[in-house]
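Written below as C-alpha cells is the structure these notes are about.
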There are 2 protein chains.
Amino acid sequence: MTDEPRAWQVVLEAIERDLLDGRLRPGDHLPGERALSADLGVGRSSVREALRVLEVLGLIRTSTGSGPNSGAIIVALPGGGMSALMRLQVAATGFAVEDVVKTRLVLESAVAADLAGASPRPSLAASVSLLDAMESELSAAEFLALDAEFHLTLADASGNQVITATMAGLRSSIESYARLGAASVPSWPDTAARLMREHRGIINAIESGDSASAGAAVHSHIAGYYAETNFPTHRLDDMPA
Amino acid sequence: MTDEPRAWQVVLEAIERDLLDGRLRPGDHLPGERALSADLGVGRSSVREALRVLEVLGLIRTSTGSGPNSGAIIVALPGGGMSALMRLQVAATGFAVEDVVKTRLVLESAVAADLAGASPRPSLAASVSLLDAMESELSAAEFLALDAEFHLTLADASGNQVITATMAGLRSSIESYARLGAASVPSWPDTAARLMREHRGIINAIESGDSASAGAAVHSHIAGYYAETNFPTHRLDDMPA
DNA sequence: TAAACTGTGTGGTCTGACCACACCGACGAC
DNA sequence: GTCGTCGGTGTGGTCAGACCACACAGTTTA
C-alpha cells in the first residue's frame, strides 16, 4: 500500500530535505551515524549506505577520530561525483565513448566562445602558466595530465561550476582512452607540438575577443586529436590471460 | 605505507575492473552479496555499501527473491544517477541554479543546431506528438512535465546518450524551481501559449534545416522563460515554523 | 613549563541473525 | 497424465552488537 521506501532512502531523503530547507549547509557537520540511526529509526548500516552514496557523490567528506575535523562534513565538491558517475557509466557501456567526446566538444566550444565574448574578459593567467609548464620535455602521460588541467582552467575561467564539473567528469571517464591514443600516434613529439600550437591559438582567439573562431579552434583541436588517435568505439573484447 | 583503501572501495574497484575488462556486461548478474564478500575478503556490509553506490549511480538494479530476475543486475541507466547527483549538488549549493540553467542553454542549443544540420534528419515524431498532447487544457504542473519530456525527446533524437542524461539531470535538479516559476507568472495560460508557439518554432527551424536559427530559437525559449519567472539564485534563507 | 598519558567519541569494519520475497521442485488430488 | 499446492532454498534488506584505529581534550607526570 504505502510502498515502503528502503531504509537508506529514508536517510538520503531526510538529509536532502535538510539541505533544501537550509538546516544543513556546506561546512556543517552531520549528526553522528549512531545519532542519525536513532533519530530516523533505522539501523546504523542503513545510515552508512546513505552516507556512502553522499560521499561518492561528492557531498560529504568523512574522517575518523574526534574533534572539529572529524565526522561527516558537507563539502559539496561537484567534481568527484561526476567523475565517478561518468567513469562507471562508460565502463558499463551506458555511455558510448563517442558521445562523451561529442559532449566535450559542445561544452568546451561553448566555453571558449563565451570567454571570448565576455566583458570584462576573465583572466586566463592560470591557463597560460600551464601552457608554459607544458613547453618542457614531458612524457605523454605527463603532457596529457597538464593538457587536461589546461582545458579545465578554461572551464573554470568561465565561472560555471556545472560545466567545469561536467567537463572534469567527461575527461576522466575517457582518460584511459586518451592514454591509449597517445601511444598510437606516429610521432608523439610532433603531436604534442601541434597540440601546443593549437592551445596557443585558442588563447589568442579568446583574448582577441573573437567568439566564433575561439569556438572553432577548440572544436578542431579536440576533434582533431580524437580523429588522429583512431579512437576506439569500445575496447577490450578480448581478455588477458 | 600502503594507504589501505577502504573496504567498500575495494569492491567498487573490483566491479569497475570487471566492467572494463568485459567480464561484466549490461544484463549480467553480479555474484551474490555473500559471495562477493567472501571473494574479496571484506564484510557483507562493505559489499552492500558499494552496491548501494552502484544502484544510485544507475549501474545496477537489485531485486529480492530468487530466480533470473533477482539479485543485482547490471543495467547502466545513465539518467537516474545524473539526476540524483545534480539534485543533491544543487540542494547543497555546490551547483548554482544559474549555472545549471546556463548549461542547459548550451547543451540544448547545440542539440537543436545539430539536429537541424544532420542528414538524414532524425525523426521528430515523438517530439511533435508531445506538442499535440500539450495543446489540451493542462495544469501548470502537467504542462511542465510534458514540457520537460518534449525537451528530452529532442536530446534523444540527437542520439547522444550523454547529453540526454545530462539534460535530464539538469532539468530534474531545478524542477522545483521551475514549478515555483510557473506560479509567479502573471498569466499562466498566456505563458503556456507562448511556450507552445516557441516549441513549434523550434521544430520548424529544425525541420527547415536552419542550424543557426534552431539554436537561437532554443536559446531564447529557455532564457526567456527563466527571465520571465524571475528565477531565484538561491531560495529559502528563511525557514518555516 | 612541557611532555606523556588516559578517557571518550568518531567513523570503519565485521559477524551473525532475522525477515520478506520469489522461484522451483516434489508431492498429492483429480 | 495433468494440474494445483506447498515447502525448501537462496536472494537482497535490515538490524544489533561488537571490535578497531584514530584524533582530540583534559589530566597527570617529569
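Give me a single rounded figure for B:58-69: the average over its residues of other chain Cβ atoms within 10 Å of their Cβ. All intermediate terms of the calculation are to be shown ahead of the outcome.
Working: counts 5, 6, 1, 0, 1, 0, 0, 0, 0, 0, 0, 0.
Per residue, the average neighbour count from other chains is 1.
Given a cut-off of 20 Å, what percent of all Cα-Cα pairs of the stretch A:39-127 lie beyond it? Show your work: numbers first, answer last.
Details: 2402 of 3916 pairs.
Roughly 61 percent, once rounded to a whole number.
Test of understanding: in a Gaussian network model of chain B with alpha carbons linked when under 10 Å, which of B:Asp210, B:Asp147, B:Asp190 would top the mean-square fluctuation ranking?
B:Asp190
Show me the ranking of peptides B:135-142, B:157-164 by mean Cβ neighbours inside 10 Å, starting with the highest.
B:157-164, B:135-142
I'd like the mean, over residues of B:116-123, of how many other protein chain beta carbons sit within 10 Å of each residue's own Cβ.
Mean partner-chain Cβ count within 10 Å for B:116-123: 0.
Given a Förster distance of 41 Å, report the FRET efficiency between B:Ala183 and A:Ala125 from their Cβ-Cβ distance, rounded to the nearest 0.05.
Values: r = 44 Å, r/R0 = 1.08.
For B:Ala183 and A:Ala125, the calculated efficiency is 0.40.
Using a 7 Å offset from the Cα along the Cα-to-Cβ direction at both A:Ser63 and A:Asp190, what is the distance between the two label points in nm, to one decimal?
5.1
How do the peptides B:16-26, A:80-90, A:12-22, B:211-221 rank, highest first, by the average count of neighbouring beta carbon atoms within 10 Å per residue?
Values: B:16-26: 16.3, A:80-90: 25.5, A:12-22: 18.2, B:211-221: 19.8.
In descending order of packing, they fall as A:80-90, B:211-221, A:12-22, B:16-26.
Distance in nm between label sites at A:Arg6 and B:Asp210, each 7 Å beyond Cα in the beta-carbon direction?
Simple spin-label model gives 5.0 nm for this pair.
Which whole number gives the average count of other chain Cβ atoms within 10 Å of the Cβ atoms across peptide A:6-19?
Details: counts 3, 0, 5, 2, 0, 0, 4, 0, 0, 3, 5, 1, 1, 8.
Across A:6-19, the average partner-chain Cβ count within 10 Å equals 2.
With 27 Å as the cut-off, how large is the P(r) tail for the protein assembly as shown, expressed as percent of Cα-Cα pairs? Provide the component values of the computation, followed by the final result.
Values: 69645 of 115921 pairs.
Tail of the P(r) past 27 Å holds 60 percent of the pairs.
Can you give the helix-only mean residue ellipticity at 222 nm for chain A, where every DSSP H stretch with n ≥ 4 adds -39500 (n - 2.57) and the sum goes over all residues, rounded to the nearest 500 deg cm²/dmol?
For chain A, the value works out to -21500 deg cm²/dmol.
Alpha carbons only, please: Rg and Dmax for the stretch B:79-228, in angstrom.
Rg then Dmax for the stretch B:79-228, in Å: 14.7, 43.
If you take the accessible area of B alone plus A alone and subtract the pair, what total do you get in square angstrom, rounded to 100, with a 1.4 Å probe? Provide the component values of the computation, followed by the final result.
Numbers: alone 13330 and 13360 Å², together 21660 Å².
Counting protein atoms only, the buried area is about 5000 Å².
Shortest first, in nm, what separates the label point of A:Trp188 from those of the same position in the other copies (7 Å along Cα→Cβ)?
6.0
What number does the stretch A:7-74 give for Rg over Rh if you use C-alpha atoms and the Kirkwood radius?
Values: Rg = 11.0 Å, Rh = 11.9 Å.
A ratio of 0.93.
Using a 1.4 Å probe, what is the accessible area per residue for the stretch B:97-241, in Å²?
Values: 6460 Å² over 145 residues.
It amounts to 45 Å² per residue over the stretch B:97-241.
Can you tell me which of A:Thr229, A:Thr153, A:Thr64 moves the most in a GNM of chain A? Springs connect C-alpha atoms under 10 Å apart.
Residue with maximal mean-square fluctuation among A:Thr229, A:Thr153, A:Thr64: A:Thr64.
For the stretch A:156-185 and the stretch A:1-52, what is the separation of their Cα centres, given in Å?
Taking the Cα centre of the stretch A:1-52 as reference, the centre of the stretch A:156-185 is 33 Å away.
Given the C-alpha centroids of the stretch B:104-125 and the stretch A:80-135, what is the distance between them in whole angstrom?
21
Could you order the peptides B:124-130, A:45-51 from most to least packed, using the average number of other C-beta atoms within 10 Å per residue? Display every interim value, and only then the final one.
Details: B:124-130: 16.1, A:45-51: 23.7.
Most protected by this proxy first, the peptides run A:45-51, B:124-130.
Please report, as a whole percent, how much of the solvent-accessible surface of the protein assembly as shown comes from carbon and sulfur atoms (probe radius 1.4 Å).
With neighbouring chains kept in place, the figure for the protein assembly as shown is 54 percent.
Can you tell me the equivalent ellipsoid semi-axes for the stretch A:167-226? Use √(5λ) from the Cα gyration tensor, largest first, whole Å. Mind dumping the intermediate values first?
Numbers: eigenvalues 107, 47, 13 Å².
Working through the eigenvalues yields semi-axes of 23, 15, 8 Å.
Using a 1.4 Å probe on protein heavy atoms, which residues of the stretch B:77-101 have at least 30 Å² less accessible area in the complex than alone?
B:Pro78, B:Met82, B:Leu85, B:Arg87, B:Leu88, B:Gln89, B:Ala91, B:Ala92, B:Gly94, B:Phe95, B:Asp99
The values are calculated or read from the model by the stated rules, or taken from the named source; none is laboratory data. From a predicted model like this one, the values you see are computed outputs, not experimental measurements. In this analysis, Cβ positions are derived from the backbone assuming ideal geometry, glycine residues included, and neighbour counts consider all displayed protein chains. Protein only, heavy atoms only, side chains kept; ligands, DNA and RNA dropped before computing areas. Shrake-Rupley method; radii C 1.70, N 1.55, O 1.52, S 1.80 Å.
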